[in-house]
Amino acid sequence: MRCSTLLLFLFVSGLLAAPPARAQQPAAAEDLRHAEFKQLAAQLVERRRSGADETEDLQEKTLKLLDAIVLEQLNRPGPRDLAGLNQRLAASLARPGALGESYELVRLGATPLGEVYYAIIVNFSMSGPSAIRFYPPAPQGYRLAARIDRWEFPDFFDEYVELVPIKASDVVFVTVNGRTDELRTGAFAAWRFAEGRFSAVWTTDILERSSYEVRPDGFHLSFCSQNDEQNPRFCRRMMRERYQWDGFAWRRVEQQESDAPRP
């Protein structure tokens, strides 16, 4: 009897001391997913940097992996700590030395029931492509519903993208793409999500010396409207415009020209 009791005690103690294998599996799978994403992201950047052919298949495979990582977090029970989630994405996905690489989840708005719309802004680096993925709430949980990239929209200028939410009843935002050098060359577009897809309700050409600001009275855009013919790097005249979303359309409500300050 004593021997049986001792063996039972040792067996139970071993069970308590042994690390639960099942609990370790999700963490290991998550690490593998992060490692695969980094590897594919590096391939995307290298292809663009070297001028090699870029394929939609490779980019979409990479972004679908990112979707899985983000949706796993969004569909967990309990409140969502957006700042903490973005910190975890940056820590687990960004590659050391990749200048400008960022993965930022943003809140776009909410349904009448208070369910939040999310989108992730994807910048593989200053040398790589950019994209936006949209995650609305659904009865079965958050899901990928639409995307913005140069494969979905061939005219989309996919150099480094920023997203500017616009307060509206629908999902409306402005994308800002372009360089960050002294010319501040950028392209702008306003997007609306309706009937299951995005549509561009306003786009600009690539604008030099462009800057923007969101105020309570609308989206303010400034840019060079006339270069100096003798020296194209100088601007002779600036344009200032203000736009608003009225719930149905994106409208320019103000336009004003001004002499540019001398450099």
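The values are calculated or read from the model by the stated rules, or taken from the named source; none is laboratory data. Keep in mind it's a predicted model, so treat the numbers as computed, not measured. Please note: Cβ atoms are built from the backbone with ideal geometry, for glycine as well, and neighbour counts cover all protein chains shown. Only protein heavy atoms, including side chains, enter the accessible area calculation; ligands, DNA and RNA are left aside. Shrake-Rupley method; radii C 1.70, N 1.55, O 1.52, S 1.80 Å.
Observations on the model:
- Cα gyration tensor shape of region 189-237, rounded if a/c is under 1.5, else prolate or oblate by comparing a/b with b/c: oblate
- Rounded if a/c under 1.5, otherwise prolate or oblate - region 120-263, Cα gyration tensor axes: oblate
- Distance between modelled label sites at GLU195 and HIS220, nm, 7 Å Cα→Cβ extension: 3.6
- Dipole moment magnitude, nearest 20 debye, region 34-73 about Cα centre, only Lys, Arg, Asp, Glu C-beta charged: 200
- For the peptides 79-90, 53-64, the ranking by packing is 53-64, 79-90, with the highest mean count of neighbouring Cβ atoms within 10 Å listed first.
- Carbon and sulfur %, accessible surface of the chain computed with the full protein complex present, 1.4 Å: 52
- Partners for LYS167 among aspartates and glutamates (Cα-Cα distance below 16 Å; same-chain residues under 8 apart left out): GLU115, GLU213, ASP217, ASP246
- Classified by the C-alpha gyration tensor, region 98-160 has a prolate form. Its axis ratio a/c, with a ≥ b ≥ c, is 1.5 or above, and a/b is larger than b/c.
- Cut-off under 5 Å, modelled amide H: who pairs with VAL172 long-range: ILE166
- Of the labelled figures (i) 7, 30, 34, 16, 7, 4, 2, 0; (ii) 7, 24, 31, 26, 11, 2, 0; (iii) 6, 24, 28, 20, 10, 5, 3, 2, 1, 0, 0, only one reflects P(r) over Cα pairs in 10 Å bins from 0, in percent as derived from the coordinates, namely (iii).
- Contact order relative to length of the chain, as percent, for alpha carbon pairs under 8 angstrom and 6 or more apart: 9
- Annotation: per residue accessible area for the chain equals 59 Å², rounded to a whole number [probe 1.4 Å, protein chains only].
- From the Kirkwood radius over Cα pairs of region 55-180, Stokes-Einstein at 20 °C and 1.002 mPa s returns a whole-number translational diffusion coefficient of 141 µm²/s.
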